[in-house]
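Read through the structure below, which is laid out as structure tokens, and then see the notes.
Derivation of every value follows stated rules applied to the coordinates shown; laboratory data play no part. The shown structure was predicted, so the numbers you read here are calculated from the model rather than taken from an experiment. All Cβ positions, glycine included, derive from the backbone under ideal geometry; neighbour counts span all protein chains shown.
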Amino acid sequence: MATVTSGLEHIAAAEIGDAFLGSQVEVQYDRKDYPGRVFFSVSNMTEDSFSILNGLHSVEYVYCLIGRITLQSCCPPPAQPTTTTDDTEQLKSSLQEKEGQEKQSDEGEKVAEKKEEHKKRKKAREDDKRRKKKKTEVDPQLKEKALAEIASAVSIYNETDWETAYGVWKSYARAVKGIRNSEMLSTAIFSVSARTAGSHLFRENEMGETLAASIQTLYPRWRQQCRNSEMEIMAYLRNSELILGFTITQSSLSMSHVSASRDLGVTALKPAIAYAMLRMAQLRPGMIVVDPMSGCGTIPQMGSNIWSHCLYFAGDISEVAVRKTKNNEDSAREEKRRTAPCDVFQWDGTLTPFRDNSVDMVITDMPFGKRIGNKQGNTKLYPRIFQEMYRIVREGGKAVVLTQETELMQSKIISRKTWKDEEHMDINQGGMKTRIYVLSKVNASEEVQDK
Ligand SMILES: C[S@@+](CC[C@H](N)C(=O)[O-])C[C@H]1O[C@@H](n2cnc3c(N)ncnc32)[C@H](O)[C@@H]1O
């Protein structure tokens, strides 16, 4: 199983399929039930398979699964329907009644009554709070039962499942981590990383601790250690399905494809998203690719690493961003990652130095007005930047853009019919919903009317 950016599961599935072309590989994903997860099986994992895995760009982490099982008692029982005329409601209506009567009472009584009402309201609020708290309190017996099931889950997977997955982890440790000592491999220092999605009777850390104790009993020669473990066992409980597996990547794979000493800006794009945008652009040899708002240069850097048969130009209005892109270019060259040229400029993306119709593809991550720029500024910037892109992109050329400004895109860009929305996809960028558009230039003879 691989973890990926939610919304880009199909890009990861396609990359995995391509990477293992020639081997027997089955790839599946379910965006609704397992967002951000791609399941795949490769028959006959060899040492070469690990270098293929390490070469994936759209993937964050890879796990070798022990298995997936459905648990019976980990979720809270369904909530009992609540009566609509509960105490609070009754109290509210009696207070309203009193409010009506109050109009007739004299001033002195009014003050006393107000005080009384204030007390009652306060009590009602406190009762409400207590009731809500009680609702979230977990029955200790149910919790104990749920954790006991978690503990026993470890031995539900049969020995072969464990041994097969453990075998893959050992091959990975030999091939990638270079651990050859067989004694070391059988006395692994392990940790459990537990994640849950949905409502459960226990917390993530309780699930992790329970699983760790259970695994320790199953493999007495292993030693549990929270930090600096050699082997990480991943537990992912989504509603009532528990997935257990060995983590077989040390760090984010997508991050490993950009320079290790990357000079980051506050808006630096995730390399996996840059990869997806470049892949969606369907670049062909010799294409001229421009990122007019390149920030620290993630898109052109990723592009010139992988689609090295293209020519890249990057620029930004900010001097700091341009310096960062240049630093990243230099470190990539030093690390011999750079295979295609990329020229870096400081420019206003609405006034670039390119001739009309001279660029094949614009790929850019637009300012959303969150970490950089603002909504009002975007209303002016977007039409101008798209007008410039329109000018420089040749007929039949495309723009792949990432933004959160979907309404602005619809009202000011796509509705003008100069850029056609060929394809778009919504992704989850660290909790923020953004959209990647693939736009094609509609008609070069048509002038964009900027309001
Ligand atoms: C979302 S960030 C791009 C981040 C970039 N993809 C990265 O990985 O670092 C948007 C960039 O647009 C730049 N920008 C804003 N207005 C611009 C303009 N008129 N011309 C060129 N760049 C501009 C900002 O300086 C910022 O670096």
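List the trypsin sites (Lys or Arg not before Pro) in region 7-50 that DSSP assigns to loop (not H, G, I, E or B) and whose Cβ has at most 11 other Cβ atoms within 10 Å. Which are they? Listed in order of number, the matching sites are 32. Sorted ascending by nearby beta carbons within 10 Å, beginning with the fewest, 393, 42 become 42, 393.
Filter the GluC sites (Glu not before Pro) in region 143-229 to those in DSSP coil with at most 15 other Cβ atoms within 10 Å of their Cβ, and list the result. Provide the component values of the computation, followed by the final result.
Values: sites: 144, 149, 159, 163, 183, 204, 206, 209; in loops: none.
For GluC sites (Glu not before Pro) across region 143-229 that sit outside H, G, I, E and B with at most 15 neighbouring Cβ atoms in 10 Å, the list is empty.
Mean separation of Cα pairs under 8 Å and 6+ residues apart, divided by the residue count of the chain: what relative contact order is that in percent? Please report the intermediate quantities before stating the final value.
Numbers: 772 pairs, mean separation 61.2, N = 451.
Reported relative contact order: 14 percent.
Just check region 307-443 against the gyration tensor rule for me: Cα atoms, a ≥ b ≥ c as the square roots of the eigenvalues, rounded for a/c under 1.5, and otherwise prolate or oblate depending on whether a/b exceeds b/c. Prolate shape, in that a/c is at least 1.5 and a/b is the bigger ratio. For residue 362, the residues 5 or more places off, or on other chains, whose built amide H falls under 5 Å of its own are 290, 398, 399, 400. About its Cα centre, the dipole of region 315-419 is roughly 240 debye, where the only charges are +1 on Lys and Arg Cβ and -1 on Asp and Glu Cβ.
Please get the size of the charge dipole for region 259-441, origin at its Cα centre, with Cβ charges of +1 on Lys and Arg and -1 on Asp and Glu, quoted in debye to the nearest 20. Can you show the working numbers first?
Details: 27 positive and 21 negative charges, 49 e Å.
The dipole of region 259-441 has a size of about 240 debye.
From least to most packed, judged by other beta carbons within 10 angstrom and beginning with the fewest, 336, 441, 122 follow the order 336, 122, 441.
For region 227-268 versus region 281-305, the inter-centroid distance based on Cα atoms is 26 Å.
Ranked by how many other Cβ atoms sit within 10 Å of their own Cβ, fewest first, the residues 391, 323 fall in the order 323, 391.
For the chain, the dipole from Cβ point charges (+1 on Lys and Arg, -1 on Asp and Glu) about the Cα centre works out to 760 debye, to the nearest 20.
The loop-placed GluC sites (Glu not before Pro) in region 305-340, going by DSSP, that have at most 12 neighbouring Cβ atoms within 10 Å of their Cβ come out as 335. Think of the chain as having a plus end and a minus end, set by charges on the Cβ of Lys, Arg, Asp and Glu; of 55, 202, 43, 202 sits farthest toward the positive end of this dipole.
Listed values for region 357-362 are Karplus-derived 3J(HN,Hα) couplings in whole Hz (6.51 cos²θ - 1.76 cosθ + 1.60, θ = phi - 60°), namely 6, 10, 10, 8, 8, 10, and x replaces Gly and Pro.
For region 259-441, what is the relative contact order in percent, using Cα pairs closer than 8 Å and at least 6 residues apart in sequence?
Values: 372 pairs, mean separation 37.0, N = 183.
Relative CO of region 259-441 lands at 20 percent.
So in the chain, what percent of DSSP beta bridges are antiparallel if you round to the nearest 5? Present the calculation step by step, with values, prior to reporting the outcome.
Working: 39 of 66 bridges.
DSSP beta bridges in the chain are roughly 60 percent antiparallel.
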